[in-house]
Amino acid sequence: MSTDLIDLTADIVIAHASVTEMSTNDLLREIKTVYATLEALSKGGKALILGTSDKEPKASAKKLRESAEPLTGKAEEKTAIPPAPAMTIEEAFKPDQVACMVCGKTGMKTLKRHLASAHDLKPGQYKRQFKIPKDQPLAATEYVEQRRRIALERGLGEKLTAAREAKKNKQMGE
């Protein structure tokens, strides 16, 4: 039976990994989660079903991963020492692109989405982990400047000021 579970787990994880970018840790976590879920189902246990709202799937997936560790009997060792960066700050932050210091992925314009999806990190956590200055943006400087120019050309600053003023006047008038 365990061979069937291993084969089924492998098939499921391969299918998921072929369409989703995963780090090594994500892949290992996925294997443990899928195996634990299949094992619980095979023993007549209840499987945790993911919700349908925007916030529930992440929370349910997190609960599933947490519950999977005790079932597998091999909880990941959590060390107080953060992993060594894949590259230096100078290599990671270039004018035309940024790179992830966790996994080394390059060629991105911004890091926020990558950090959240691939490493479950918030920008502040990432900056603290690798001692990145607080004033260092997690986006390519050329990209930031391009977005700034576009906003100025479209007059977004003036429009925002006018909208705030209109809202303030409306509240005062009521």
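Observations on the structure shown:
- Interchain or long-range residues, amide H under 5 Å from residue 108's placed H: 98
- For the residue pairs 109/131; 112/159; 109/168; 131/167; 94/159; 32/122, alpha carbon separations beyond 30 Å are given by 109/168; 131/167; 94/159.
- Taken along the Cα-to-beta-carbon direction at a fixed 7 Å, the label points for residue 27 and residue 120 span 1.8 nm.
- Summed residue charge, Cβ within 14 Å of residue 5's Cβ, Lys/Arg positive, Asp/Glu negative: -2
- For the pair residue 168 and residue 134, a Förster radius of 30 Å applied to the C-beta separation gives a FRET efficiency near 0.40, rounded to the nearest 0.05.
- Taking a sphere under 14 Å around the Cβ of residue 158 and counting the other residues whose Cβ falls inside, with K and R at +1 and D and E at -1, yields a net charge of +1.
A short reminder: the numbers here are calculations on the coordinates, not readings from a lab. Note that the structure is a prediction, hence the values are computed from the model and not measured. In this analysis, Cβ positions are derived from the backbone assuming ideal geometry, glycine residues included, and neighbour counts consider all displayed protein chains.
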